[in-house]
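The values are calculated or read from the model by the stated rules, or taken from the named source; none is laboratory data. None of these values were measured; they are calculated from a predicted model. Glycine gets a Cβ as well: all are built from the backbone with ideal geometry, and neighbour counts include every protein chain shown.
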Amino acid sequence: MTKIKANALVNYLNDVFPQKNAAEWDKVGLQLEEVYNLESQDEIEHVVICLDVTKEVVNYAIENKANFIISRHPFLFLDFESEMKNLAKKEIYEMCLENEIQIFSIHTNYDNSDKQNIMDLIETQLNVKGVDKVGEFNEGYKIKLLRPVSLKEAVDKLKFVFGKQQSLLTRNSDFEKEIETIYLTPGSGASTMLELQLRDTFFVTGEAKWSEWLYADQNNVTMLTLGHYMENHFIDDLENKLLKTFGDEVKISAFDIKNTFIII
């Protein structure tokens with residue numbers, strides 16, 4: 001296995017998902033300043049891709065001699081002092097420093113990119129006529145279907161694409177109702193519904209606050225939540241992109257952290 005220059009990898013990620021397109025509050029890109037200029041970071045032999053950086057991910061990286069982790073969610077999102085109050089995160093941070101592992105995060109600059117694969121996944125199940133990006137940071141999608149489908153069919157197909165363990169639907173939903181347009185924002189994306197002041201429509205996201213459920217209920221929005229884990233398609237998407245670009249020049253490992261809870 002050969003190695004690639006770290007700059008080549010970082011430049012590629014920034015070209016595909018420009019950091020300038022991230023929300024102003026987001027913390028994307030290289031996460032560990034102390035690792036930036038270490039000699040071990042000049043070249044990358046093994047990359048691990050994950051949704052979130054956990055102890056299991058870092059232990060896997062250490063065991064498999066990977067010195068670069070790409071995560072969907074920023075490892076250091078709050079200010080450093082606040083983050084280090086989380087003792088588990090502090091332990092992960094120290095493990096990365098000790099083993100000279102860098103973390104690179106791609107978050108809202110992935111959400112608003114037309115180079116991610118979310119629409120490819122949806123189009124495997126639904127006939128799409130057109131798509132517009134919506135939301136304050138273009139984080140959401142307005143999906144116009146080629147033909148109307150029942151709410152039940154739309155829900156079943158979206159659950160098939162993104163997983164179904166945590167599916168919730170607004171009360172009094174009519175499964176026979178015909179759906180022509182789907183608004184979708186992955187993750188904790190119900191703020192898009194409020195930003196657009198949606199009414200009388202179908203909205204899909206990962207999870208929502210109580211106040212957002214109330215908004216949907218009172219504004220006749222049929223809201224489906226599929227769990228934050230619906231963002232996990234990022235792992236396969238990025239793995240495929242890196243393999244297509246770098247081939248066997250670098251080893252790529254996709255690490256699925258799974259849901260961090262059980263349904264009881």
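For the reader, a short list of remarks on this structure follows.
- Here G206 does not qualify as outside the structural domain of V16 (by TED's automatic domain parsing), buried (at least 22 other Cβ atoms within 10 Å of the Cβ) and touching a Gly at 6+ places or on another chain (Cβ under 7 Å).
- Only strands (runs of 3 or more DSSP E) whose full extent lies in region 63-147 are considered here, and the ones with at least 1 residues that are surrounded by 19 or more Cβ atoms within 10 Å (Cβ to Cβ) and free of Cβ contacts under 8 Å to residues at least 40 places away in the same chain are 68-71.
- Of everything listed in (1) over 21 Å from the mean Cα position of the chain (by Cα); (2) of a type outside the set (F, W, Y); (3) under 14 Å from I235 (Cα atoms), the single unmet condition for S71 is (1).
- Of all residues making up region 45-61, the number that are at pLDDT 95 or above and more than 17 Å from K90 (Cβ to Cβ): 8
- Residue within region 155-170 that is out of contact with any Pro (no Cβ under 9 Å at 6 or more places or on another chain), in a loop (DSSP other than H, G, I, E, B) and at pLDDT 95 or above present: yes
- Candidate set: region 172-188, residues that are in a loop (DSSP other than H, G, I, E, B), at pLDDT 95 or above and not polar (S, T, N, Q); chosen: the one surrounded by the fewest Cβ atoms within 10 Å (Cβ to Cβ): E176
- Residue within region 2-19 that is in a strand (DSSP E or B), touching a strand residue (DSSP E or B) at 6+ places or on another chain (Cβ under 7 Å), in contact (Cβ under 8 Å) with a residue 60 or more places away in the chain and farther than 27 Å from M230 by Cβ present: yes
- Residue in region 232-252 that is closer than 23 Å to Y110 by Cα, in contact (Cβ under 8 Å) with a residue 12 or more places away in the chain and of a type in the set (G, A, S) present: no
- Filtering region 223-259 to residues that are of a type in the set (K, R) and outside any loop (DSSP other than H, G, I, E, B) leaves K241, K244, K251.
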